[in-house]
Every structure is written in C-alpha cells, then in structure tokens.
1. Please determine whether any residue of the range 206-215 is surrounded by fewer than 20 Cβ atoms within 10 Å (Cβ to Cβ), in contact (Cβ under 8 Å) with a residue 12 or more places away in the chain and within 12 Å of ligand 1 (Cβ to nearest atom).
2. Can you name the residue in the range 269-305 that is acidic (D, E) and in a loop (DSSP other than H, G, I, E, B) and is also surrounded by the most Cβ atoms within 10 Å (Cβ to Cβ) among such residues?
3. Based on what the data block shows, is V103 under 30 Å from G251 (Cβ atoms) and surrounded by 14 or more Cβ atoms within 10 Å (Cβ to Cβ)?
4. Counting only residues that are among the charged types (D, E, K, R) and more than 14 Å from ligand 1 (Cβ to nearest atom), which one in the range 251-280 is nearest to H110 (Cα to Cα)?
5. So for the range 226-239 (the condition being aromatic (F, W, Y) and within 16 Å of ligand 1 (Cβ to nearest atom)), does at least one residue qualify?
6. Looking for whichever is of a type in the set (V, I, T), away from ligand 2 (no atom under 16 Å from the Cβ) and surrounded by 11 or more Cβ atoms within 10 Å (Cβ to Cβ) here; the options are V146, V125, V114. Which one fits?
7. Looking at the range 182-205, which of its residues are assigned to a helix (DSSP H, G or I) and in contact (Cβ under 8 Å) with a residue 12 or more places away in the chain?
Amino acid sequence: MSEKKTVVIDLKFARREVDEALSNAFAGRNVLRAADAAADLSDARYAVIWKPDPTLFERAPKLEVLFSGGAGVDYILAMPNLPDIPIVRFVDESLTTRMSEWVVLQALSHLRQVPAYAKQQRERVWRELSQPEAKDLTVGVMGLGVLGQDSVAKLKIMGFNVIGWSRSKKLIDGVETFDESGLDEFLAKTDILVGLLPLTPQTRGIFNADLFGKLRQGGALGKPVFINAGRGGSQVEVDVIAALKIGVLGGASLDVFEQEPLAETSPLWSMENVIITPHAASASDVRALFRNAEAQMNDYEAGQPLRHVVDRTTGY
Ligand code: NDP
Ligand code: OXD
C-alpha cells in the first residue's frame, strides 16, 4: 500500500496524451481514472481535473485538493456540490509561452493585414496595402496576470506600444497601467484590445457594445481590433458581430466563445477580418500539468503551502 495519497484523474483531454503522460507521473502514488466507472474513488485525496464528471465529488468524498487542468477555473467554481477545499490552478511556462505566441501572432496578423491578403490570395489579386508599423499602434491588454504580463512583454519586443488594465494597479517597466477605475481612459488609448481575463461575475459580458464604443477610432489601422483568449462568457457575441458589421470594430481574433464549439450557424465564421481558433490559444501540456501537480502534492504532504490557489471571493 502506497504511503503517498491517492490521485484521481478526470481530464477531458486527448486520451492518448493523458495515458502517455501518466506513464511517467505520480511515482509511488495510486492513480485512478474517473473514466473507469468501476473504479473505487472513495480514498482519493487529490483530483486533477478538466471539465470533470458532475458525479466526481460524490464518488470521491475525501478529496483534499483540486488541481485544475487549466489556468481558468470558472468551470470548477460553477460545479454543483463543490467541496470547500483548495483549488490550484495551472501555472506553467509552457502555457504562458503558448498564450503569448498566440497573442503576438494575432496582433501581428491584424497589423500586417493577414485576413485582407488571404482574401486577395483567394481572389488572385495582386495589390499592396498601406502598412503602419507596430510602434504606431497601442495594444491594450485587459488582465495583467501570469498570461497578460508575459504577453505584454512579448508585444513590446515586437515594437507595439503596450498599455494594461487590471483590477489592482500593476507596476510594469515601460508600460502605462490602469486599475479598474481607469477603464475608460485605457480604452480611449487602445487600438488593439487583448482580453486575457478570467471569467467571473465581474467580467461576464464585459466585452460589449458599450466597451467597444469607447475604443480609439482613427488609429493607425483606422478601426480598433478585438482579440480575446480569456473566456467566451466575457464577450457578448451579438455585440461583437454588430460592432464588426457597423465598423465600430475593424477586426477580431477570437479563441473563446459563449458556446463552445462555436455553432456552425454563427456569422463570425464567415466575417472578413475575423480570425477564429477553437479554444486552442494555449492548450495545457499534460506532462507539465502532472509535473506541477505532483511537485505540489509532495510539497503539501511535507507541510509546505500550496501555490496558485484560487481565491473564491474574487473567483480566480
Ligand atoms: P491570472 O489570475 O494570473 O490573472 C488574471 C488577471 O485578470 C489579473 O491581472 C486580474 O487582476 C485581472 N482581473 C480579474 N478580474 C478582473 C476584473 N474584474 N477587473 C479587472 N481585472 C481583473 O490569470 P492568467 O493570466 O493565468 O489567466 C487568465 C485567463 O486566461 C484564465 O482565467 C483563462 O480563462 C484564460 N486562459 C485561456 C486559455 C486559452 O487557451 N484560451 C489558456 C489559458 C488561460 P489583478 O492582477 O488585480 O488580480
Ligand atoms: C485554460 C484554458 O484555462 O485552456 O487553461 O482555457
């Protein structure tokens, strides 16, 4: 019998990736799979989860810590019968780096007019479009947490002028930052808006017509661009669509949606200057997830505090 506490895995990730990662993880621990309906989870003390089965907490009543398979935990906080135990969110360099790659890619795609050139290519049109430089544009990042701050740094390397907004004011070298009360001032300076916010009651629906109307018009791209990889629940999709149609927004890159998968009937699919990715901006590397969780389990059993624990009062 292992002395280390038992782990249950309930990750709605690709089965093969989970199996491969598990073959090198949680040495000396009993590891159970929630997907195995016959498994007795009654002694499990840790759960590593992403969109788990609603019955998990009934089957595993002795859980002491939940490890989220992603950085966002809105899906956990919304679960019925959630036990009052620590929730650890996933924070790892691989996740951070992947997100910054996606954010920089999208900002550059709009700067360099990738959607317009892709359309010209489909139509076999040879026409050079006018080209501002990155330094002519201000990218405003909403959410200056682990992911937001790394994206800010990498956007700056590409030459963009970058500003940021978060609940509490941040001090970031060379970046003008705003707290909650400075939202309008922040928006009025923003040409490309990047959403990297968690979904909470405060951020639900924050990207709406009123907010889009406050973004700077007439910047180097003519119209502002909206980029969102936080959570779809933070955007009001009918407002995004309307803003694109009437020209309040000149373009968008969306990785997250109010309903996922995005309905085939959504007008977003076929809108010019809209780039869609299927909630793939930064997928969790399962090996890194298990490495992080295992290290924290060992530390916790040695009496060390858990890191990256969710604050249930703020919801992230
Ligand atoms: P963090 O918790 O590190 O940062 C969250 C940031 O949002 C903080 O700066 C926080 O402010 C700010 N914030 C939260 N609520 C508010 C509010 N009401 N008003 C203003 N600012 C607010 O999270 P991460 O950076 O690690 O991740 C951000 C989100 O990205 C995740 O919650 C998840 O939803 C999403 N995500 C999406 C992925 C994808 O593939 N699409 C992949 C990974 C994550 P403060 O600093 O003051 O606390
Ligand atoms: C996350 C995600 O929260 O992938 O990590 O959405």
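The values are calculated or read from the model by the stated rules, or taken from the named source; none is laboratory data. The shown structure was predicted, so the numbers you read here are calculated from the model rather than taken from an experiment. Cβ atoms come from the backbone with ideal geometry, glycine included; neighbour counts cover every protein chain shown.
1. Within the range 206-215 (the criterion being surrounded by fewer than 20 Cβ atoms within 10 Å (Cβ to Cβ), in contact (Cβ under 8 Å) with a residue 12 or more places away in the chain and within 12 Å of ligand 1 (Cβ to nearest atom)), the answer is yes, since at least one residue qualifies.
2. In the first step, residues of the range 269-305 are kept if they are acidic (D, E); the result is 272, 285, 294, 299, 301.
Going one step further and asking which of them are in a loop (DSSP other than H, G, I, E, B), we end up with 272, 285.
Details: E272: 10, D285: 18.
Checked the range 269-305; the qualifying residue surrounded by the most Cβ atoms within 10 Å (Cβ to Cβ) is D285.
3. Details: under 30 Å from G251 (Cβ atoms): yes; surrounded by 14 or more Cβ atoms within 10 Å (Cβ to Cβ): yes.
So V103 fits the description; yes.
4. Going residue by residue through the range 251-280, those that are among the charged types (D, E, K, R) are 255, 258, 260, 264, 272.
Within this subset, residues satisfying the condition of being more than 14 Å from ligand 1 (Cβ to nearest atom) are 264, 272.
Working: E264: 24, E272: 12 Å.
Result: E272.
5. Start the filter on the range 226-239 by keeping residues that are aromatic (F, W, Y), which leaves 226.
Okay, now just the ones that are also within 16 Å of ligand 1 (Cβ to nearest atom), so 226.
Within the range 226-239, one or more residues are aromatic (F, W, Y) and within 16 Å of ligand 1 (Cβ to nearest atom).
6. Details: V146 fails: away from ligand 2 (no atom under 16 Å from the Cβ); V125 fails: surrounded by 11 or more Cβ atoms within 10 Å (Cβ to Cβ).
Answer to the selection: V114.
7. Applying the first criterion (assigned to a helix (DSSP H, G or I)) to the range 182-205 yields 182-188.
If the condition is that a residue be assigned to a helix (DSSP H, G or I) and in contact (Cβ under 8 Å) with a residue 12 or more places away in the chain, then G182, L183, D184, F186, L187, A188 are the ones that fit.
Residue-by-condition table, conditions (1) aliphatic (A, V, I, L, M); (2) more than 20 Å from V73 (Cα to Cα); (3) at pLDDT below 95:
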{"position": "S109", "(1), (2), (3)": "no, yes, no"}
{"position": "P115", "(1), (2), (3)": "no, yes, no"}
{"position": "Q121", "(1), (2), (3)": "no, yes, no"}
{"position": "G145", "(1), (2), (3)": "no, no, no"}
{"position": "K156", "(1), (2), (3)": "no, yes, no"}
{"position": "N161", "(1), (2), (3)": "no, yes, no"}
{"position": "L171", "(1), (2), (3)": "yes, yes, no"}
{"position": "E185", "(1), (2), (3)": "no, yes, no"}
